[in-house]
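One structure is given below, encoded as structure tokens.
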Amino acid sequence: MRLLLLAMAVYVAAVLQTTLVDAMRIGAVAPDLLTLVAVVWPLALSGPYGFLGAGLVGLAGDLVGPGRIGPGAVGMLAVGYALGRGKARFGLEHWLVQLPLVAAATVAFGALLGLTRWLLGEVSLGPLEILRRALGVGLYTAAVSLPLLLAIGWIREPHRARHKTLAEF
């Protein structure tokens, strides 16, 4: 069931990324919807293997975007693993905590991917411009993620209330 949900989310994000994201562009910055799915997946999924879903989304991003296949998947596996470990260790269930994590993870992934593609000779921008754009994309993607994070929190609310009631006994 989770794999089907991930496939649907990746499909919707890829379609929106390739068709509507240009209308959302502010200057040279636009939200990265595939990265949004990959970052939110380990935060929303309870379990140690959420990073694998993030890696699959990174692979889908590599297949949709220009350049070599692989850097996006590897970078997203690393970011997804860090998010999954942080969630397991610190909880990270509230959207006020998740929102800056989405921004930081998106900036880290964008910078990592951009610099990797620059080193491979696939990007003509300089490293400072890559970092500046990664920061802009990360902040914009985090702003776009707010409704999604709130909806996930609202969906989980009855589950949390049940666990709290059972813990009282």
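Every read-out reported here was derived from the displayed coordinates using simple, explicitly stated rules and does not represent laboratory data. Computed from a predicted model, the values in this text were never measured in an experiment. Cβ sites come from the backbone with ideal geometry, for glycine too, and all protein chains shown count toward neighbours.
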Could you tell me whether residue 138 is assigned to a helix (DSSP H, G or I), free of Cβ contacts under 8 Å to residues at least 60 places away in the same chain and over 21 Å from residue 26 (Cβ atoms)?
no
Scan the stretch 1-36 residue by residue and report those that are free of Cβ contacts under 8 Å to residues at least 12 places away in the same chain, within 23 Å of residue 77 (Cβ to Cβ) and of a type in the set (Gly, Ala, Ser).
7
Flagged in the stretch 67-106 as over 12 Å from the mean Cα position of the chain (by Cα) and among the hydroxyl-bearing types (Ser, Thr, Tyr), in numbering order, are none
Would you kindly identify the helices (runs of 4 or more DSSP H) lying entirely within the stretch 1-116 that contain at least 2 residues that are out of contact with any Ser or Thr (no Cβ under 8 Å at 6 or more places or on another chain) and loosely packed, with under 13 Cβ neighbours inside 10 Å?
2-19, 71-90
Out of the residues in the stretch 117-135 that are among the hydrophobic types (A, V, I, L, M, F, W, C) and in a helix (DSSP H, G or I), which is surrounded by the fewest Cβ atoms within 10 Å (Cβ to Cβ)?
128
Of the conditions (1) more than 22 Å from residue 5 (Cα to Cα); (2) out of contact with any strand residue (DSSP E or B) (no Cβ under 7 Å at 6 or more places or on another chain), residue 140 satisfies every one except a single condition; which number is it?
(2)
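Within the stretch 99-119, is even one residue out of contact with any helix residue (DSSP H, G or I) (no Cβ under 9 Å at 6 or more places or on another chain) and without any contact (Cβ under 8 Å) to a residue 60 or more places away in the chain?
Initially, the stretch 99-119 is screened for residues out of contact with any helix residue (DSSP H, G or I) (no Cβ under 9 Å at 6 or more places or on another chain), giving 119.
Filter again for without any contact (Cβ under 8 Å) to a residue 60 or more places away in the chain, leaving 119.
Yes: the stretch 99-119 contains one or more residues that are out of contact with any helix residue (DSSP H, G or I) (no Cβ under 9 Å at 6 or more places or on another chain) and without any contact (Cβ under 8 Å) to a residue 60 or more places away in the chain.
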